[in-house]
1. So if the hydrodynamic radius of segment 229-296 is defined as the Kirkwood radius over C-alpha pairs, what does Stokes-Einstein give as its diffusion coefficient at 4 °C and 1.567 mPa s, in µm² per second?
2. Carbon and sulfur: what percent of segment 1-75's accessible surface (1.4 Å probe)?
3. Between Ala82 and Ser96, how many nm apart are label points set 7 Å from Cα along the C-beta direction?
4. Quick one: helix 63-75 against the long Cα principal axis of the chain, what's the angle to the nearest 10°, folded into 0 to 90?
5. Nearest 500 deg cm²/dmol is fine: what mean residue ellipticity at 222 nm does the chain get from its DSSP H runs of n ≥ 4 alone, each adding -39,500 (n - 2.57), divided by its residue count?
6. Over all directions, the average projected area of the alpha-carbon convex hull for segment 1-111 comes to how many nm²?
7. Which whole-number percentage describes the relative contact order of segment 1-108, with Cα contacts under 8 Å and a sequence gap of 6 or more?
8. Could you please put Lys219, Lys181, Lys44 in sequence from largest to smallest accessible area, using a 1.4 Å probe?
Amino acid sequence: MTVPIAIIGTGIAGLSAAQALTEAGHTVQLFDKSRGSGGRMSSKRSDAGSLDLGAQYFTARDRRFVTEVQRWQSQGWVAEWAPQLYSYQGGQLNMSPDEQTRWVGAPRMSAITRGLLDGLNVQFACRITEVFRGEQHWHLQDAEGFTHGPFSHVVIATPAPQATALLAAAPKLAAAAAGVKMDPTWAVALAFETPLDTPIEGCFVQDSPLDWLARNRSKPGRDTTLDTWVLHATSAWSRQHIDLSKEAVIEHLHGAFAELLHSAMPAPTFSLAHRWLYARPATGHEWGTLADADLGLYACGDWCLSGRVEGAWLSGQEAARRLHEHLQ
Ligand code: FAD
Ligand code: NAI
């Protein structure tokens, strides 16, 4: 019987590793604490349609990722998003067009990881609390007290703070992961029945509690019934207001949005707030992956490279490559 490789996390890093390992002839078994895939690239179903509350879009600069995104495009999982871009600084709103190609999942961000999951063995709603080694193989303990295994190797593809505990069997890797601080982001969605009177479709914001805002309906394939906006607070504001109630966060960021538009804004017909505790690594690293090849333990994720979708995908590829090479 083939002993499979366990992958913890079905964000883009875990699925990137899963895909590369499967292509190399390995069998993988995935676990995620959430009810669906995507992690920070997931989409939330709401009364205002499907909303991308995490990653807003992504860019592809590395040749390998460019090729992969082209494959996703041919599968119909992604489409280009060319918003009317603005920047807001010192109270001034200006058009800020550029030549950058930006990609989004279609018809929602989660379409990408949903597509990558096809045919893979995955267990959702399963939070892994411990990764331990038996005489020969690895086993996983979950929060319900169940044990999973045996596994030949384990790839941990969660944000660094969640990876630290799972890496206890490899203290050096655990220490490296523990050193990576991740900043939070408060995200708010506001939906208006009457479209706001502004040409903005995406805006990079400075000198405000806001960091970014996007008009959902400008993305390809989205529900256009309501004029829905996604607002992201800065890391600093999010940290300072980490324990604020969702209602208060919505009120604050709604106010910052009104200030940016210099208009009295109508009350939204729908609003929600989501707190990403581990939104982005506070510092960059060039590790690619963390590996103890002799033990058979690997960690990957955006925090091992750039804190972006591309970095997370490349990190998953790197973990898979290192694991496969060690077996040759
Ligand atoms: P994740 O997506 O976090 O996946 C980790 C998975 O592990 C999750 O599904 C989680 O449920 C699971 N998990 C965690 N612990 C356990 C456990 N103990 N047991 C089982 N499962 C577990 N990037 C861009 O390129 N462009 C952007 O515009 C952009 N905007 C962003 C905006 C926000 C608000 C946020 C939060 C992120 C943004 N990013 C953006 C960053 C991008 O989303 C991430 O870099 C990327 O999605 C990280 O992928 P990952 O697979 O490394 O981790
Ligand atoms: P990118 O090249 O579009 O943007 C990189 C940065 O360049 C932007 O943050 C912005 O400051 C600036 N910029 C780019 N185009 C601009 C324009 N037309 N006008 C004014 N400023 C412009 O995308 P890249 O490099 O792929 O970055 C991903 C984005 O994801 C970044 O904006 C980053 O802030 C965001 N992100 C947000 C996270 C969060 O938790 N809120 C986490 C990780 C990434």
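The values are calculated or read from the model by the stated rules, or taken from the named source; none is laboratory data. Remember, predicted model here, so these are calculated numbers, not experimental data. Backbone-built Cβ (ideal geometry, glycine too); neighbour counts: all protein chains shown. These accessible areas exclude ligands, DNA and RNA; they are computed on the full protein's heavy atoms, side chains included. Shrake-Rupley method; radii C 1.70, N 1.55, O 1.52, S 1.80 Å.
1. 86
2. The value for segment 1-75 is 44 percent carbon and sulfur by accessible area.
3. A separation of 2.0 nm, rounded to one decimal place.
4. Tilt relative to the chain: about 70 degrees.
5. -8000 deg cm²/dmol
6. The directionally averaged projection comes out at 10.0 nm².
7. On the way: 130 pairs, mean separation 22.0, N = 108.
The value is 20 percent.
8. Lys181, Lys44, Lys219
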